[in-house]
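Every number in this text was worked out from the coordinates using simple rules, so none of it is lab data. Nothing here was measured: the structure is a model prediction, and the numbers come from that model. Cβ sites come from the backbone with ideal geometry, for glycine too, and all protein chains shown count toward neighbours.
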Amino acid sequence: MNIQIKSGALQQVLALASLVVLIVFFTISSSNFFQFSNIVGILLSTAVIGVLALGSTFVIITGGIDLSVGTVMTLSGVMTGVCITFWGLPVPVGILGGILMGALCGLLSGTAVAKMKIPPFIATLAMMMIAKGLALIISGAKPVYFNDAESFAEVSQGSVLGWLIPGLDIPNAVVIFFVAAIVGYLILSKTIIGRYNFALGSNEEATRLSGVNVGFWKIVIYTLTGAFTGLAGVMMASRLNSANPALGAGYELEAIAAVVIGGTSLSGGKGTIIGTVIGALIMSVLTNGLRILSVPQEWQTVVVGFVIILAVYADILRRRKA
Amino acid sequence: MSEVLLQMEGITKEFPGVLALNNCQFELRRGEVHALMGENGAGKSTMMKILTGVYQKDEGTVTYQGKPVELTNPKAAQDAGISMIHQELNLAPDLTVAQNIFIGREPRRRLRLFLDDQALHRQVKALFQRMGLDMDPAIQVSELTVAKQQMVEIAKALSYNADVLVMDEPTAALSETEIEDLFRIIRQLRADGVGIVYISHRMDEIKRITDRITVMRDGQYIDTVLTAEVTTQDIISKMVGRQIYETSKPEAAAGERETVLEVKGLNQGRALRDISFTLRKGEILGIAGLVGAGRTELARAIFGADRIQSGEIYIHGSRVKMRGPHDAVRLGIGYLSEDRKRYGCVVDLDVKSNVVIASYPGFLRPGGWVNTVKIRKQAEDMVERLKVKTPHVDQEVKFLSGGNQQKVVIGKWLTRDCDILIFDEPTRGIDVGAKSEIYRLLNELAAQGKSIIMISSELPEILRMSHRILVMCEGRITGELDHEEATQETIMHLATARM
Ligand SMILES: Nc1ncnc2c1ncn2[C@@H]1O[C@H](COP(=O)(O)OP(=O)(O)OP(=O)(O)O)[C@@H](O)[C@H]1O
Ligand SMILES: [Mg+2]
């Protein structure tokens with residue numbers, strides 16, 4: 001009866017089906033694939049990109065794009081390092097510092113887009129450079145290590161689940177990813193931010209003429225994306241036990257790819273969090289599986305490129321039929 | 001009578017949850033103008049979209065020039081000589097007028113690699129000449145008013161040398177003079193043997209320009225009659241199958257009511273010049289004028305949608321400055337745009353989201369969570385109250401018929417419960433039955449003490465509804481009339497005062 005939910009659900013079913021097909025294919029092709037440790041490895045490698053992609057979903061639904069998430073993630077990780085290692089602040093404060101840094105970058109991008117009317121592509125391209133430079137500046141152009149705060153590594157690498165249920169040694173990063181996905185889902189589908197996000201992504205002018213302060217809400221949305229990016233930065237730093245200011249560029253494109261594979265439209269107004277989670281999983285299952293099948297790194301990248309085209313094309317075909 | 005050009009029989013079309021057409025028929029002869037009438041959502045546009053290959057029929061046959069045809073896409077229909085001017089404009093805003101008209105068929109030269117702009121402009125000029133249209137083919141479509149864009153659509157359809165031309169509410173955005181131009185073109189095409197399908201809700205136009213009328217109701221064929229042989233009342237009763245609300249002239253606004261809105265010395269470039277007026281509580285203030293007189297600009301300026309250069313706006317006696325529509329809405333102003341597809345509703349969202357989009361703060365649980373139960377209830381109430389034809393409130397607005405989309409936008413502002421409502425062409429594309437519902441609604445709102453500004457190009461509507469009438473011409477207010485002294489003549493006189 002419910003047309004909209006029906007077509008949205010179909011889209012997720014399709015993405016999910018492709019994920020299952022991939023998993024079945026790799027399981028048949030190699031006995032090493034469907035092992036607990038490998039699955040955990042896949043999830044772990046999804047976590048950081050996944051959180052980035054979750055954040056990017058919001059901005060992309062507005063019809064915008066955030067090219068800065070890669071380097072902002074780095075800057076956030078470095079910020080956490082500066083707080084904990086340089087300033088000797090407690091770990092939770094450092095984590096908060098990283099997330100706030102991400103949010104601040106989002107706030108700036110959002111202000112440039114919403115108030116100064118700079119196209120999102122340009123505004124976030126500029127933010128990408130600003131964040132890259134700042135990361136180098138505040139770190140002194142060297143990786144920041146967390147040797148003095150051992151508990152920081154636990155943020156990503158520890159396993160609260162394993163501690164609660166012995167044997168279930170799933171790293172915290174994975175848990176954080178799924179919790180972030182649930183939070184993202186709630187924001188997008190149950191709160192006013194989500195409602196305005198879809199409305200202004202579909203028809204910004206009509207939304208503005210309905211009395212919605214679209215400038216303000218756009219800033220909110222970019223800031224939200226920034227906060228997710230900051231979280232990804234903290235997770236990344238914790239996983240590597242260091243914050244490397246030279247890492248991070250290029251992650252934004254992988255995040256965007258995951259969002260797009262998940263069925264979110266780059267022209268705005270359409271998208272789901274579940275789709276993005278599946279999109280991110282498809283990407284890492286693919287790379288992991290291909291690696292297990294000993295496909296060289298270069299070819300893995302080529303395959304991922306084709307998968308993006310296929311996924312988006314399937315979505316377009318589906319839309320045309322509907 | 002002349003030869004039958006087109007015959008549609010037993011046409012059935014179902015959309016998910018909606019039986020849009022049920023065993024419908026339609027016949028068109030060479031050299032006739034054939035009106036298709038019916039309430040909003042009766043299936044007129046759908047019928048014609050099936051003819052022109054936009055939608056595929058589930059059942060039925062189409063016979064064209066004596067042969068059964070299957071037109072599976074708009075291109076096939078166009079090649080066969082069937083063109084349609086859609087209810088919604090379909091132009092590429094960033095291209096020029098000429099580029100839009102010949103899109104996909106641009107004249108080319110030198111191995112067909114290079115565009116031949118000269119030939120393009122020559123052809124477009126010839127076309128405009130035939131239409132008696134004075135427009136620069138090199139101007140960007142986004143620069144044009146809705147009315148002018150409509151003329152471009154017509155030119156585009158004509159450029160295919162069509163045998164069958166379908167016009168879906170072509171005059172909805174046109175001014176009196178432009179309608180005259182259109183009718184001249186239609187008469188000429190009729191003389192050339194073109195068959196024209198004319199969809200409109202305006203009875204006077206139908207009476208003037210059409211030869212036959214086919215009436216549809218709820219997706220069903222009702223009757224086909226000769227225009228000369230029926231009265232307006234006959235048609236209306238065939239269309240609605242029930243009695244409709246008749247408005248009486250409004251009572252004089254009771255004495256000197258308090259002023260809710262005052263505008264002083266408003267200026268905005270060439271569009272608005274030295275505009276001053278007041279709006280009182282419980283009043284319907286009509287704004288008349290020709291298309292381009294600045295009425296929409298005035299509405300947008302009051303609503304904070306466009307910046308004003310100078311001037312003051314007072315609400316309930318205190319001066320306000322608006323940074324944008326969100327301030328206006330907060331101050332209790334609502335604005336229903338004349339261009340519903342672009343500015344009125346978010347067509348990709350469902351009915352319920354559109355109904356509450358201006359009022360989300362009132363539909364929240366603590367913490368910013370949306371109250372979906374309350375939203376659904378509100379949307380269902382509005383659908384019921386405004387008789388919106390939709391299978392359910394989860395339907396995306398783009399699947400509603402034009403008139404029903406308009407009702408959704410009205411529902412949005414009723415939901416917000418504004419004190420001051422600016423309605424810009426509120427009955428555009430709305431059928432007679434629904435129109436009278438809207439009139440009743442406006443009267444009701446005014447009686448409740450809401451103040452209404454109604455912009456309309458339909459003089460009878462302005463005369464019937466308004467307590468007071470402002471007439472605009474070229475960005476200025478050229479006169480203010482009390483409802484007792486206002487007549488079509490006095491208004492037209494003021495509306496052309498400066499020309
Ligand atoms: N693509 C679609 N999907 C679902 N329902 C549709 C679609 N197109 C039209 N409908 C439904 O079919 C019915 C007929 O619509 P149609 O647009 O033909 O009406 P109309 O007679 O042109 O009305 P109006 O005078 O308001 O333009 C309506 O109930 C409408 O909601
Ligand atoms: Mg229609």
### Query
Of A:149, A:20, B:97, which is farthest on the positive side of the dipole of the protein assembly as shown, counting Cα position, with +1 on Lys and Arg Cβ, -1 on Asp and Glu Cβ, and the Cα centre as origin?
A:149
### Summary
Taking Lys and Arg as +1 and Asp and Glu as -1, residues besides residue B:201 with C-beta under 10 Å from its C-beta add up to 0
### Query
Can you give the helix-only mean residue ellipticity at 222 nm for the protein assembly as shown, where every DSSP H stretch with n ≥ 4 adds -39500 (n - 2.57) and the sum goes over all residues, rounded to the nearest 500 deg cm²/dmol?
-15500 deg cm²/dmol
### Message
List the residues, sorted by chain then number, that are 5 or more residues from residue A:268 or on another chain and whose placed amide H is less than 5 Å from its amide H.
### Response
A:63
## Note on the structure
Relative to chain B, whose Cα atoms define the longest principal axis, helix B:146-158 and its Cα axis are tilted in degrees, nearest 10, by 0 degrees
### Query
Of the beta bridges DSSP finds with both residues in chain B, what % are antiparallel, to the nearest 5?
55 percent
### Summary
Low-density loop trypsin sites (Lys or Arg not before Pro), the stretch B:323-429, at most 13 other Cβ within 10 Å, DSSP non-H/G/I/E/B, are B:323
### Message
Calculate the FRET efficiency for residue A:121 and residue A:216 from the Cβ-Cβ distance with a Förster distance of 22 Å, rounded to the nearest 0.05.
### Response
0.55
### Message
Could you work out the relative contact order of the stretch B:4-240? I mean the mean sequence separation of Cα pairs under 8 Å and 6+ apart, divided by the number of residues, in percent.
### Response
29 percent
### Task
With unit charges on the beta carbon (Lys/Arg positive, Asp/Glu negative), name the residue among A:240, A:225, A:199 whose Cα is farthest towards the positive pole of the charge dipole of chain A.
A:199
### Query
If we sort B:278-291, B:444-457 on the protection proxy, mean other Cβ atoms within 10 Å, highest first, what's the order?
B:278-291, B:444-457
### Query
Which order do B:310, A:56 fall in if you start with the one that has the fewest other Cβ atoms within 10 Å?
B:310, A:56
### Summary
Residues whose modelled amide H sits under 5 Å from the amide H of residue B:431, counting only those 5 or more places away in sequence or on another chain, are B:40
### Task
When a/c is below 1.5 the answer is rounded, else prolate if a/b is larger than b/c, else oblate, so apply that to the protein assembly as shown with a ≥ b ≥ c taken from the square roots of the Cα gyration tensor eigenvalues.
prolate
### Summary
Treating only Lys and Arg (+1) and Asp and Glu (-1) as charged, each at its beta carbon, one finds that the protein assembly as shown has a dipole about its Cα centre, in Debye to the nearest 20, of 1120 debye
### Message
Tell me the relative contact order for the stretch A:46-114 as a rounded percent, counting alpha carbon contacts under 8 Å between residues six or more apart.
### Response
24 percent
### Query
Antiparallel as a % of all DSSP beta bridges within the protein assembly as shown, to the nearest 5?
60 percent
### Query
To the nearest 20 debye, what charge dipole does the stretch B:259-495 have about its Cα centre, counting +1 at the Cβ of each Lys and Arg and -1 at the Cβ of each Asp and Glu?
820 debye
### Query
Among A:199, A:141, A:15, which one moves the most in a GNM of chain A with springs linking Cα atoms closer than 10 Å?
A:141
### Summary
The answer for the longest stretch of chain A without any exposed trypsin sites (Lys or Arg not before Pro) (DSSP loop, at most 15 further Cβ atoms within 10 Å) is A:118-322
### Summary
Neighbours of residue B:57 by Cβ distance under 11 Å: Lys/Arg at +1, Asp/Glu at -1, summed charge -3
### Message
Please compare each pair in B:75/B:407; B:156/B:412; A:115/B:321; B:148/B:238 to a cut-off of 25 Å on the Cα-Cα distance and tell me which ones are over it.
### Response
B:75/B:407; B:156/B:412; B:148/B:238
### Query
Rg/Rh for the stretch B:160-314: what does it come to with C-alpha atoms and Rh from Kirkwood?
1.10
#### Entry: Cβ-placed point charges (K, R +1; D, E -1), dipole of the stretch A:35-321 about Cα centre in debye, nearest 20
880 debye
### Query
In what sequence, highest mean first, do A:281-289, B:116-124 appear when ranked by Cβ atoms within 10 angstrom?
A:281-289, B:116-124
### Summary
The answer for the net charge of residues other than residue A:177 whose Cβ lies under 15 angstrom from its Cβ, with Lys and Arg +1 and Asp and Glu -1, is 0
## Note on the structure
Mean per-residue count of partner chain Cβ within 10 Å for B:334-347 equals 4
### Message
Quick check on the stretch B:259-495: take the gyration tensor over C-alpha atoms, sort the square-rooted eigenvalues as a ≥ b ≥ c, and tell me if it's rounded (a/c under 1.5), prolate or oblate.
### Response
prolate
### Query
So what is the relative contact order of chain A, in percent, for Cα pairs below 8 Å that sit 6 or more residues apart?
33 percent
### Query
What is the average number of partner chain Cβ atoms found within 10 Å of a Cβ in B:436-444?
0
### Task
Sort out the exposed loop chymotrypsin sites (Phe, Trp or Tyr not before Pro) in chain A (DSSP loop, at most 13 other Cβ within 10 Å) and tell me the longest stretch that has none.
A:88-322
### Task
Rank these for me by crowding, B:39, B:178, A:154, going from fewest to most other beta carbons within 10 Å.
A:154, B:178, B:39
